[in-house]
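The values are calculated or read from the model by the stated rules, or taken from the named source; none is laboratory data. From a predicted model like this one, the values you see are computed outputs, not experimental measurements. As a convention, Cβ positions derive from the backbone with ideal geometry for all residues, glycine included, and neighbour counts pool all protein chains shown. When the accessible area is computed, the model is the full protein with side chains, heavy atoms only, and any ligands, DNA or RNA have been set aside. Shrake-Rupley method; radii C 1.70, N 1.55, O 1.52, S 1.80 Å.
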Amino acid sequence: MFGNSLLKGVFLVGLGASSYGMLATFVKLAYQEKYTTAEVTTAQFILGILGVLIINFYQRIKNKNTATKATKKNIFHLMLAGTSLGMTSVFYYLCVRYIDVSIAIVLLMQTVWMGVLLEMILDKKLPSVQKIVAVIIVLIGTVLATNLLKNEIELDWRGLLWGMLAATSFTTTMFTANRISLGISSAQRSLYMLLGGAVIVLIFALSTQTTPFSFEIFMKWGIILALFGTIIPPMLLNAGFPHTGIGLGSIVASLELPVSVLMAYFLLNEIVNFTQWLGIILILIAIIIMNINFRKKITS
């Protein structure tokens, strides 16, 4: 029924998305050990850049320097686009400082409707009925998943603000990553985007770190954060999407949401009630609706 290539793609994309889903829980655990957001983001980006540099070096040797090299224009555009990557990490990690991981990941998933809105502005045309329905379902799912209907639940406004800012910058990252300097290798693109993100992270760290920087973070949490947030996911997603296609790949990538919630449930003992799970399921359904080509199925 499915070819080996497709199954391989689904596996790679699913594994990459799951890696992203684990990230916020690791950040929360680092916070419990009194590490700051500046220390967490700095360690992740510096070690991440070192890891991607090694990957680039390996690929250069393997390809015997035949791969297309990035021009100065490519580097500038990618580093500029990478600033949104740095902002996403800073905003998202600030978000999980104030609210539960299970709610923070739902806020990050607002990229679904933000992406539709941005697409509408850039393409100057209204979205399809299919996308509008998906957006409405996402908004309903968000109300349920964040427990807004429960009056006794108080959400810290700072967490909500940082979460929405993270979703906004992540939307920008996704659009720029799929449109800029596509002619060079994904490893090169990842490297220069990380360098751009590192500029934002270092500015944030220098302006907010009021206590002596704890370099222990590099060995305790930095390696894990770099692997699961910077090195493994982009490699797996870039390897898997060509086999799955954007539609199926996006559906599989939504695994990040339930994985993140389950990690928070088991490792952080966060309470996730039935209403929240219902909201999460609705968001997943919306992502499926948005990425299924109904017309193709009807005409085939």
Past the 22 angstrom mark, what percentage of all C-alpha to C-alpha distances in segment 186-300 do you count? 58
Loop trypsin sites (Lys or Arg not before Pro), segment 1-107, which have at most 12 other Cβ atoms in a 10 Å radius of their Cβ (DSSP): LYS34, LYS64, LYS69
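Based on Cβ point charges of +1 for Lys and Arg and -1 for Asp and Glu, what charge dipole magnitude is obtained for segment 107-161 about its Cα centre, in debye rounded to the nearest 20?
240
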Hey, if you put +1 on the Cβ of every Lys and Arg and -1 on every Asp and Glu Cβ in the chain, which of ASN293, THR208, ALA30 ends up farthest toward the positive end of that dipole? ASN293
Ranking ALA17, ALA67, VAL52 by how far each Cα lies towards the positive end of the charge dipole of segment 1-87 (+1 on Lys and Arg Cβ, -1 on Asp and Glu Cβ), the top one is ALA67
I need the shape label for segment 16-64. Rule: rounded when a/c is under 1.5, else prolate if a/b > b/c, else oblate, with a, b, c from the alpha carbon gyration tensor. oblate
For segment 1-53, which whole percent of the accessible surface, found with a 1.4 angstrom probe, sits on carbon and sulfur atoms? 71
With semi-axes √(5λ) of the Cα gyration tensor in Å as the read-out, I listed [x] 30, 23, 17; [y] 28, 27, 18; [z] 25, 24, 20; which label goes with the value calculated from this structure? [y]
The simple spin-label model distance between LYS8 and GLU33, using points 7 Å out along Cα→Cβ, in nm, is 3.7
Nearest-0.05 FRET efficiency for ILE140 and LEU182 at R0 = 41 Å, using Cβ-Cβ distance, is 0.70
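What accessible area per residue, rounded to a whole number of Å², is obtained for the chain using a probe radius of 1.4 Å?
52
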Over the heavy atoms of THR36, what accessible area does a 1.4 Å probe trace out, to the nearest 10 Å²? 40
Please report the base-10 log of the normalised intensity I(q)/I(0) for segment 133-208, using a Debye sum with one equal scatterer per alpha carbon and no solvent, at each q in 0.18, 0.19, 0.24, 0.27 (1/Å). -0.93, -0.96, -1.14, -1.28
Give me the number: length gained by fully extending THR68 to LEU126, i.e. 0.36 nm times residue separation minus the C-alpha to C-alpha distance, one decimal in nm. 17.1 nm
Heavy atoms of SER5 accessible to a 1.4 Å probe, total area in Å² rounded to 10: 60
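Consider all pairwise Cα distances in segment 79-191 and report the whole-number % of them above 21 Å. All intermediate terms of the calculation are to be shown ahead of the outcome.
Details: 2872 of 6328 pairs.
Across segment 79-191, Cα pairs with separations above 21 Å total 45 percent.
Considering only protein heavy atoms and a 1.4 Å probe, what is the carbon-and-sulfur percentage of the accessible area of segment 149-300? Don't skip to the end; give the middle numbers.
Details: 5840 of 8400 Å².
Percent of accessible area from carbon and sulfur atoms in segment 149-300: 70.
With a/c under 1.5 counting as rounded, go ahead and sort segment 238-288 into rounded, prolate or oblate using the C-alpha gyration tensor (a ≥ b ≥ c being the square roots of the eigenvalues; past the cut-off, prolate if a/b is larger than b/c, else oblate).
Working: a/c = 6.30, a/b = 1.81, b/c = 3.47.
Oblate, because a/c is 1.5 or more while a/b does not exceed b/c.
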Which listed residue (GLY197, PHE218, SER185) has the Cα farthest towards the positive end of the charge dipole for segment 95-221, taking +1 on Lys and Arg C-beta and -1 on Asp and Glu C-beta about the Cα centre? SER185
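What size of dipole, in debye to the nearest 20, comes out for the chain about its Cα centre when the only charges are +1 on Lys and Arg C-beta atoms and -1 on Asp and Glu C-beta atoms? All intermediate terms of the calculation are to be shown ahead of the outcome.
Details: 21 positive and 11 negative charges, 276 e Å.
Its charge dipole is roughly 1320 debye.
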Restricting to Cα pairs under 8 Å and 6 or more apart, the percent relative contact order of segment 95-168 works out to 62
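I want to verify the translational diffusion coefficient of segment 220-266 in µm²/s; compute it with Stokes-Einstein, Rh as the Kirkwood radius over Cα pairs, at 20 °C and 1.002 mPa s. Walk me through the numbers on the way to the answer.
Numbers: Rh = 12.0 Å.
Stokes-Einstein gives a translational diffusion coefficient of 179 µm²/s.
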